[in-house]
Amino acid sequence: MWDYLIKGVRTIDPKNHIDDDWDIAIENGKVAEVAPDLPVGNARQTSEFNAMIAQPGIIDSHLHLGINPYGFKMEALAGVTTCLDMAGETDFILENSRKDGCGINFAILQALLPGKNIASNDPSADEINAFIDKVLASGAYGVKILGGHFPLTPEASARVVEICNQRNVYVAWHAGTTTDGSNINGMRQAVELAADNFLHLAHINAYCRGAIKPVEEETLEAINLLKNHPNIVSESYLSARNGTKLNVDQNGIPLSGVTRNCLKRFGFSVDTKGIEEAIKQGYLSVILEENGLSTLADRKDSLELFRQSHGDVSASFDRVNPFLPRAWIASAKRDNGQFVVDAISTDGGCIPRNVILESGISLIKLGALSASEFAAKTSLIPAQMLSLANKGHLSTGADADITVYDPVTQKAVATFVGGTPVMLNGKVICKEGCVIAYPNSEAFLTQGNFAHQCVEANLSSLKQLHA
Ligand SMILES: [Zn+2]
């Protein structure tokens, strides 16, 4: 007898070449059978999702859970079943999963933060090894170089990548060092400094905003860099938005470089007046917390919140990420038919831009991706990136992680994690999620009574992902 039966869907499973109106049976948290017309009488519970699409659960390969407590809920609502946090703090996220988890799995790459968890921006090999020892034993899955925000020297960045490869530890990099920024120059530098090591290079689209060269030249260079360096694994996101802060100094000048750049780029004065004008014209929205979610305030409320708080608010500029690189990078292919950029992520979570489905389905409708390719980029390949052999597909015995979405409204309708429904029609359950951690964390997570699964990365096979 099955525990659960999903009927009425078009089921897409790229690994098993399924794209048909088949049902999915679940038993003991695993996929029991995927086939047409499975009998309702064999299941304790059945859900009909007529005209919906079911695919292996979405694995968001880049998001942030450490900014506020709302990331899990926002991801769950967006149809995500497993996700990779790209900064930490590991202890905050672990505790938060216990309080505000929604039953979705998560792994954490803990960022190196000079002056905070490492002494300087030029840590020695010994310091890097000590950092890795510490984070891997306290719940993290790997390490993040947060070059765009907290840059290390080029030499130290290269050391981190090299040491992680020697130790078989997952390492990701938001390009940028003390010499190059988070742009196409920084991306080129990161690719060169990685040499022939494995590296997860974060959000490729973010280096193609036209900061150095015309957008189309930067995008072409980014694609060629990845084609020529198959040891680099990557993702990109689909939102036009960013996240920033609006604090200003006593002269009304924004403290955040991101805010200053955006104001300049859109032709506003770089001061309080420019911020207000950007809000009035719809370029800039204040992020507010409402019903346990981060959302974007409308123009009137944004203006009021900005004034009331004297700028001490989080906010988001629209149209920061141009359309061309987002669409091109999401769909570009290698000569062997594989995608240039392996996965589609959100870079969201706590930041309200969790548009994998909304924008991803638009790409399907535009003919840039098939629904099966979309499932590969949002589940099968991210599962390979995280060495999760039981996820990313619907083979018999695989984890019953499933996302059901409505191709018309472009929203998630239901998600199942390990066979348990965690989101249904916009309602999420409250349940601690399972942290996917490096094996060194076993004792720490058992002692702390955290739901966990320890997984060893496999960097040598990841380096062969594009072979
Ligand atoms: Zn990010």
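The values are calculated or read from the model by the stated rules, or taken from the named source; none is laboratory data. The structure presented is a predicted model; accordingly, all values stated were derived computationally and were not measured. A quick note on method: Cβ atoms are made from the backbone with ideal geometry, for glycine too, and the neighbour counts reach across all protein chains shown. When the accessible area is computed, the model is the full protein with side chains, heavy atoms only, and any ligands, DNA or RNA have been set aside. Shrake-Rupley method; radii C 1.70, N 1.55, O 1.52, S 1.80 Å.
Between the range 76-148 and the range 183-260, the alpha-carbon centres lie 20 Å apart.
Taking label positions 7 Å along the Cα-Cβ direction at both Ala451 and Asn168, the computed distance is 2.8 nm, reported to one decimal. The calculated FRET efficiency for the pair Asn251 and Asn291, based on their C-beta separation and a Förster distance of 35 Å, comes to about 0.45.
Placing +1 on the Cβ of every Lys and Arg and -1 on the Cβ of every Asp and Glu, with nothing else charged, gives the chain a dipole about its Cα centre of roughly 760 debye. By DSSP, the beta bridges lying fully in the chain are antiparallel in about 50 percent of cases.
Dipole orientation for the range 244-317: of the candidates Ser302, Gly252, Cys262, Cys262 has the Cα lying most toward the positive pole (charges on Cβ; Lys, Arg +1; Asp, Glu -1). Taking amide H as placed 1.01 Å from N in the peptide plane, the amide H of Leu113 sits under 5 Å from that of Ile118, each at least 5 places away or on another chain.
Here Lys99 is the anchor, and the lysines within straight C-alpha reach of less than 18 Å, apart from those fewer than 8 places off in the same chain, are Lys73, Lys427, Lys431. Between the range 28-52 and the range 321-387, the C-alpha centres lie 28 angstrom from each other. Accessible surface for Tyr4 stands near 10 Å², nearest 10, in the context of the full protein assembly shown (1.4 Å probe). The HN-Hα couplings worked out from phi for the range 444-452 by the Karplus form 6.51 cos²θ - 1.76 cosθ + 1.60 (θ = phi - 60°) are 4, 6, 5, 4, x, 6, 8, 5, 8 Hz, whole numbers, x standing for Gly and Pro. In this rough spin-label picture, where each label sits 7 Å from Cα along the Cβ direction, the Asp37-Arg299 distance is 5.7 nm. The simple spin-label model puts a point 7 Å past each Cα toward its Cβ; for Glu216 and Gln464 those points are separated by 4.0 nm. Rounded to the nearest 20, the Cβ-based charge dipole of the range 244-317 about its Cα centre (Lys and Arg +1, Asp and Glu -1) stands at 340 debye. Here the range 82-212 is treated with +1 on each Lys and Arg Cβ and -1 on each Asp and Glu Cβ, and its dipole about the Cα centre works out to around 300 debye. Estimated from the Cβ-Cβ distance and a Förster radius of 60 angstrom, the FRET efficiency linking Asp406 and His149 is about 0.95.
Subtract the Cα-Cα distance of Glu127 and Gln308 from 0.36 nm times their separation in residues, and report this length gain in nm to one decimal.
On the way: separation 181, 0.36 × 181 = 65.16 nm, distance 4.37 nm.
Additional length available on full extension: 60.8 nm.
Can you tell me the relative contact order of the range 244-317? Whole percent, Cα pairs under 8 Å, sequence separation 6 or more. Result for the range 244-317 is 34 percent.
Kirkwood hydrodynamic radius of the chain, from the reciprocal of the average inverse Cα-Cα distance over all distinct pairs: 22.5 Å. Relative to the longest principal axis of the Cα atoms of the chain, the long axis of helix 299-308 makes an angle of roughly 50 degrees.
In the chain, helices alone account for a calculated mean residue ellipticity at 222 nm of -8000 deg cm²/dmol, with every DSSP H run of four or more residues adding -39,500 (n - 2.57).
Antiparallel beta bridges, as assigned by DSSP with both residues in the range 176-302, represent about 60 percent of the total such bridges.
A Förster radius of 25 Å, combined with the Cβ-Cβ distance separating Ile429 from Ala389, puts the computed FRET efficiency at roughly 0.45.
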